[in-house]
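The values are calculated or read from the model by the stated rules, or taken from the named source; none is laboratory data. Note that this is a predicted model, so its numbers are computed, not measured. A quick note on method: Cβ atoms are made from the backbone with ideal geometry, for glycine too, and the neighbour counts reach across all protein chains shown.
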Amino acid sequence: MIEVKKLKNGIPIFIDRMEDIKSFTMGIFIKTGARHETEGEYGISHFIEHMLFKGSKKYSAKELSELIDDNGGSINAYTSKDTTCYYVKMLSSKMDIAFDVFSEMIMNSTFSEENIEKERNVILEEIKMYLDIPEEVVHDENMKFVLSDEYGNSILGTEESLKKIDRDKMLEYFLDRYTPDNMGISIAGNVDSIMEKLESTFGTIPKRKSKNSIVSKFKIKNGENLIKKECNQVHLCLNTLGLKVLDEKKYALAILSNVLGENMSSRLFQKIREERGLAYSIYSYTTSYLEGGLFTIYAGTSKESYREVIELIKKEFQDIKTNSIEEKELERGKNQLKSMLIFGLENSRGKMARMWNSYQLYGKIISIDEIEEMISKISLIDIKELANEIFDESKYSITILGEI
């Protein structure tokens with residue numbers, strides 16, 4: 001039974017008690033990410049994520065890490081387009097240590113000038129690392145090209161933008177976004193007296209109103225974006241219109257993506273890789289926001305073959321528009337989605353993340369049974385209607401990277 005509670009300062013708490021295990025996972029979620037950044041702030045959400053590991057009033061960066069590592073735990077974080085998350089997994093008997101470390105990080109990080117400069121250089125090296133991976137570059141450049149305004153912001157920022165972020169700007173952004181009304185805490189595992197611990201730590205964060213920037217109207221561009229880069233392959237992202245994250249057709253789109261390019265049985269994997277040998281890597285994925293979405297096919301191929309690959313992708317789009325998909329493909333897609341849902345609930349981290357994601361989107365925890373029912377109802381007609389909605393040449397865009 002999932003418990004939904006609130007601390008005295010308003011932070012929502014989600015607890016899924018798993019009494020048959022001896023550990024727990026706790027995640028602290030902040031509703032801020034790359035899409036909330038404006039001119040002069042690009043990369044700041046990710047920069048702050050790094051800085052919270054770099055020392056607090058009570059512990060140095062090394063001591064924060066050692067407290068978790070020495071006690072057999074693991075700690076990490078990530079920044080996305082709209083969320084920053086810090087999470088820890090430990091034995092239930094070590095819960096006090098996890099709370100001590102996390103409360104110090106979130107409430108007492110020092111943001112010293114020395115550590116800011118060190119971490120700026122670390123992130124610049126991280127950017128260089130990604131720039132050496134053409135597949136990473138093409139996805140990033142594709143988002144910048146096809147999505148308008150802040151939706152195309154890079155999570156890491158750029159060398160130029162990072163150099164503009166000083167301690168004052170970082171603290172201002174931190175105080176504006178890391179507020180009780182912009183946070184949530186999700187915990188799954190074997191936990192006792194958890195509310196008392198939460199109240200005595202995170203419940204003491206003063207109430208402040210968050211200042212997330214206003215998000216622009218969602219729109220996608222069409223056309224072709226050619227990027228010349230020395231590499232051994234041509235990397236491409238072919239896009240069309242996707243769906244809003246709350247669109248009732250999103251599970252139909254998930255099945256459509258599964259059929260086209262999410263596994264070894266998918267149409268594009270079979271026809272482009274297995275039958276013709278034109279690519280090693282080819283797959284599909286969706287990008288969804290509250291305001292709109294994108295559907296993308298990625299392929300890594302040769303200079304000689306990339307135009308053929310593009311035409312083969314479009315041919316599959318057209319075939320589904322005309323004929324829908326086969327019954328066995330529909331059933332496979334449903335089984336894949338349902339399996340992923342269940343697999344995600346077989347560990348505490350998966351349960352922790354699902355509670356927050358559901359609450360952030362719907363304002364409540366949607367049960368697995370409800371989701372499975374929605375998936376089961378999807379028909380071949382639903383897939384065909386969706387294909388005719390999104391597979392429209394006027395909505396297509398493409399980013400191509402390589403020596404072309």
Meets criteria (at negative phi and either among the small types (Gly, Ala, Ser) or over 16 Å from the mean Cα position of the chain (by Cα) (or both)) for residue 54: yes
Candidate set from the range 158-209 (those that are among the aliphatic types (A, V, I, L, M) and within 14 Å of residue 14 (Cα to Cα)); member that is surrounded by the fewest Cβ atoms within 10 Å (Cβ to Cβ): 195
Report yes if some residue within the range 88-97 is over 30 Å from residue 158 (Cα atoms), touching an Asp or Glu at 6+ places or on another chain (Cβ under 6 Å), at pLDDT 95 or above and buried (at least 22 other Cβ atoms within 10 Å of the Cβ); otherwise report no. no
Pull out all pairs, ordered by first then second residue, where Cβ-Cβ is under 6 Å, the residues are six or more apart or on different chains, the first lies in the range 144-169 and is part of a loop (DSSP other than H, G, I, E, B), and the second is surrounded by fewer than 14 Cβ atoms within 10 Å (Cβ to Cβ). 148/219; 164/40
Going residue by residue through the range 112-127, is there one that turns out to be within 30 Å of residue 286 (Cα to Cα) and touching a strand residue (DSSP E or B) at 6+ places or on another chain (Cβ under 9 Å)? no
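Restricting attention to the range 108-132, which residues are outside any helix (DSSP H, G or I) and exposed (fewer than 13 other Cβ atoms within 10 Å of the Cβ)?
The one that is outside any helix (DSSP H, G or I) and exposed (fewer than 13 other Cβ atoms within 10 Å of the Cβ): 132.
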Applying the selection to the range 266-293, what residues are within 20 Å of residue 134 (Cβ to Cβ) and either of a type in the set (A, V, I, L, M) or not assigned by TED's automatic domain parsing to the domain that holds residue 396 (or both)? 268, 272, 278, 279, 282
Given the residues 258, 232, which is the only one that is free of Cβ contacts under 8 Å to residues at least 12 places away in the same chain, in the same structural domain as residue 392 (by TED's automatic domain parsing) and either under 26 Å from residue 184 (Cα atoms) or out of contact with any Phe, Trp or Tyr (no Cβ under 8 Å at 6 or more places or on another chain) (or both)? 232
Counting only residues in the range 245-261 that are out of contact with any strand residue (DSSP E or B) (no Cβ under 6 Å at 6 or more places or on another chain) and not in a helix (DSSP H, G or I), the one surrounded by the most Cβ atoms within 10 Å (Cβ to Cβ) is identified as 249
Which listed residue, of 344, 363, is modelled with pLDDT under 95, in the same structural domain as residue 289 (by TED's automatic domain parsing) and at positive phi: 363
Taking the range 381-404 as the search range and keeping residues that are on the phi < 0 side of the Ramachandran plot and in a strand (DSSP E or B), which one is surrounded by the most Cβ atoms within 10 Å (Cβ to Cβ)? 399
Give all pairs with beta carbons closer than 7 Å in which a residue from the range 270-296 that is aromatic (Phe, Trp, Tyr) meets a residue that is surrounded by fewer than 18 Cβ atoms within 10 Å (Cβ to Cβ) and part of a strand (DSSP E or B); count only pairs at least 6 apart in sequence or on separate chains. 295/286
Taking the conditions exactly as written (over 26 Å from the mean Cα position of the chain (by Cα), among the charged types (D, E, K, R) and modelled with pLDDT of 95 or more), does residue 22 satisfy them or not? yes
